[in-house]
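*Asks:* Structure in structure tokens, see below.
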Amino acid sequence: MSAIFMDTETPIGLVRVVEEDGAITRVGMATSKGFAQRAWGQRGSSAMLKMAVEQLAAYFAGTRTTFELPLRPAGTAFQRQAWQALCAIPFGQTRSYAEQARAVGRPTATRAIGAANGRNPIAIIVPCHRVIGSDGSLTGYAGGEPVKRWLLSHEGARPRAQLALWPEASAPS
């Protein structure tokens, strides 16, 4: 079976979900670099795509905090290990790149963790938006900093130490 995809409108813009052979292989945001140029497969529909879109809708509606979908991201063994560690970050919490490196047993691999996160093909569901800089900065998100800030705010992530999710003028009350 070849890849098929379905689009869904969300509060952060258009999100495209790709299925291949019964598993989700990619979730991309229109705000991500290269979205329009990427080869996604054929537009289509399946029970799996509908389930993924329904779960994303529930996440954005605030009624779902975890996803229950078969995932098959393509990547190296280290990337898949890094992405698995992302899935262990609870909804509404953040981790630093250094904490993620320690979680995969490679405490000096913070840059490699950042690179793996940057290649995460399953945005939102594999929550790379939950990883922040050690100083609390919102660094390195393919969907852009405003989207990362929105997702963390939506999940109720609260500042840790010096973490500043919101500029002073737009801090939630």
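We did not get these values from a lab; they are worked out from the coordinates using the rules stated. Everything quoted here is computed from the prediction, not taken from an experiment. Positions of Cβ are generated from backbone atoms using ideal geometry, with glycine treated the same way; all protein chains shown enter the neighbour counts.
*Asks:* With a point put 7 Å past each Cα toward its Cβ, work out how far residue 154 is from residue 63 in nm, to one decimal.
*Replies:* Distance between label points: 1.6 nm.
*Asks:* In degrees from 0 to 90, rounded to the nearest 10, what is the angle of the helix 145-154 Cα long axis to the longest principal axis of the chain?
*Replies:* That works out to roughly 90 degrees.
*Asks:* Then there is this: With each pseudo-label sitting 7 Å past Cα toward Cβ, what's the residue 39-residue 106 distance in nm, one decimal?
*Replies:* Placing both labels 7 Å along Cα→Cβ, they lie 2.7 nm apart.
*Asks:* Could you grab the relative contact order for segment 77-163? Cα pairs under 8 Å, six or more apart, rounded to a whole percent.
*Replies:* Relative contact order of segment 77-163: 32 percent.
*Asks:* Please give the calculated 222 nm ellipticity per residue for the chain, where each DSSP H segment of at least 4 residues contributes -39500 (n - 2.57) and the sum is spread over every residue; nearest 500 deg cm²/dmol?
*Replies:* Helix-only estimate at 222 nm: -9000 deg cm²/dmol.
*Asks:* At a Förster distance of 30 Å, what's the computed FRET efficiency of residue 30 paired with residue 88, Cβ-Cβ distance as r, to 0.05?
*Replies:* For residue 30 and residue 88, the calculated efficiency is 0.60.
*Asks:* With an 8 Å Cα cut-off and a minimum separation of 6 or more residues, compute the relative contact order for the chain in percent.
*Replies:* Numbers: 269 pairs, mean separation 34.6, N = 173.
This gives 20 percent for the chain.
*Asks:* Just 28, 156, 136 to compare: in a GNM of the chain, with alpha carbon springs under 10 Å, which one fluctuates most?
*Replies:* Looking only at 28, 156, 136, the largest GNM fluctuation is found for 156.
*Asks:* Please work out, to two decimal places, the log10 of the ratio I(q)/I(0) at q = 0.09, 0.15 Å⁻¹ from a Debye calculation in which every Cα of the chain carries one identical scatterer.
*Replies:* So the normalised log intensities work out to -0.30, -0.84.
*Asks:* Take residue 21, project a point 7 Å from its Cα along the Cβ direction, then tell me which residues of segment 82-124 have their backbone nitrogen under 20 Å from it.
*Replies:* Under 20 Å, as judged by backbone N against the label point of residue 21, lie 84, 121-122 of segment 82-124.
*Asks:* Mind checking the angle between helix 47-61 and the chain's longest principal axis? C-alpha axes, 0 to 90 degrees, to the nearest 10.
*Replies:* Relative to the chain, helix 47-61 is tipped by roughly 30 degrees.
*Asks:* Among residues other than residue 131 whose Cβ falls under 10 Å from its Cβ, what is the net charge (Lys/Arg +1, Asp/Glu -1)?
*Replies:* Working: positive: 95, 130, 148; negative: 99.
Local charge sum for residue 131: +2.
*Asks:* Hey, got a sec? Which GluC sites (Glu not before Pro) in segment 1-83 land in a DSSP loop and have at most 11 other Cβ atoms within 10 Å?
*Replies:* 68
*Asks:* Just grab the label-to-label distance for residue 72 and residue 3, each label 7 Å out from Cα along the Cβ direction, in nm (one decimal).
*Replies:* 1.3
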